[in-house]
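Shown next, in structure tokens, is the structure this report addresses.
Since every read-out is calculated from the coordinates, none of them should be taken as a lab result. Quantities reported herein were computed from a predicted structural model and do not represent experimental measurements. Backbone-built Cβ (ideal geometry, glycine too); neighbour counts: all protein chains shown.
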Amino acid sequence: MPDQFSRTRLLYGAEKMEKLASSRVAVFGIGGVGGYVVEALVRSGIGALDLIDNDKVCLSNLNRQIIATGKTIGRYKVEAAEERVHDINPDCEVRAYKTFFLPENQELFDFHEYDYVVDAIDTVTGKLAIIEKAKKAGVPVISSMGAGNKLNAALFEVADIYETSICPLARVMRRECRNRGIDSLKVVYSREKPIRPLEDMSKSGRKDGISPSETDEISAGRRDIPGSAAFVPSVAGLIIAGEVVNDLTGHREGS
């Protein structure tokens, strides 16, 4: 009898679909990239998801984040994502964590429980902690590099961190991974040179309609708020989800 995964089963077969249904994936960061990762994973039949993010949906998220609608503004992103997951597959087990992953609170998460880890957060220290913890636990991890200030979604690639170029975040991550003895890391990155935002919100003082985390960044003067389009972070998220599904099932082109 047809079910919500009938079309996917035609491609992967029953055995691989069972593997997906029995897998738990942790997604750190439920924003423009991470939200689409969650969307594609639940629609692919992943049986359990851990969602980690402390941000709330705000007005400026509406242009690119799949969980952002007029009805979800003001809600925690992980709550909105959990509700959406259950609307798609009520049988998917979801654990929602209203917290940002930081080196200081990493002991809250037992990476041995995960079959795959997705790093879709912005901070370098947090990304490195996720990667190191996943490597130590022997869990596959994929990391999203910069998706902001870009307009050409066709320039995303899957690569090892040491094979990346152009992306400023990837450059920093290459250096930091090398310093920590991390010899490989699967990433999704763009070969597009970042565009300089037309307006620097940290200097203009305009803080309406942005998230609390973005407000903190402006107040601290750490960096400009990046521009973003609907079709760029979504593509990065879908590519990541595809890598997770194919790695978990062992499916590769020609296999």
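Rank 143, 23, 190 by mean-square fluctuation in a GNM of the chain with C-alpha springs under 10 angstrom and give only the top-ranked residue. Residue with maximal mean-square fluctuation among 143, 23, 190: 23. All Cα-Cα separations within segment 17-119 were binned at 5 Å from zero, giving a P(r) of 2, 14, 26, 25, 18, 10, 4, 0, each value a whole percent of the pairs.
Note on segment 57-72 and segment 94-128: Cα centroid distance 23 Å, given to the nearest whole angstrom. The residue among 13, 42, 27 whose Cα reaches farthest toward the positive pole of the charge dipole of segment 1-51, with charges on the beta-carbon of Lys, Arg, Asp and Glu, is 13. Highest mobility in the GNM of the chain, judged by mean-square fluctuation with C-alpha springs under 10 Å and restricted to 19, 133, 71, is found for 71.
Counting 0.36 nm for each residue step from residue 196 to residue 158 and taking away their Cα separation leaves a gain of 11.3 nm.
GNM remark for the chain: springs join alpha carbons under 10 Å apart, and the peak mean-square fluctuation among 139, 245, 27 falls on 139.
Divide by every residue of the chain the summed helix terms, -39500 (n - 2.57) for each DSSP H run of at least 4, and state the resulting mean residue ellipticity at 222 nm, rounded to the nearest 500 deg cm²/dmol.
Calculated at 222 nm, the ellipticity per residue is -11500 deg cm²/dmol.
The aspartates and glutamates within cross-link reach of residue 150, meaning a Cα-to-Cα straight distance under 12 Å and a gap of 8 or more places when in the same chain, are 192. Counted by Cβ distance under 12 Å from residue 156, the other residues give a net charge of -1, where Lys and Arg count +1 and Asp and Glu count -1.
For segment 13-249, a crude dipole built from +1 on the beta carbon of Lys and Arg and -1 on the beta carbon of Asp and Glu, taken about the Cα centre, is about 760 debye to the nearest 20.
Each peptide in 162-175, 75-88 gets a packing score, the mean of other Cβ atoms within 10 Å over its residues, and the list from highest to lowest is 75-88, 162-175.
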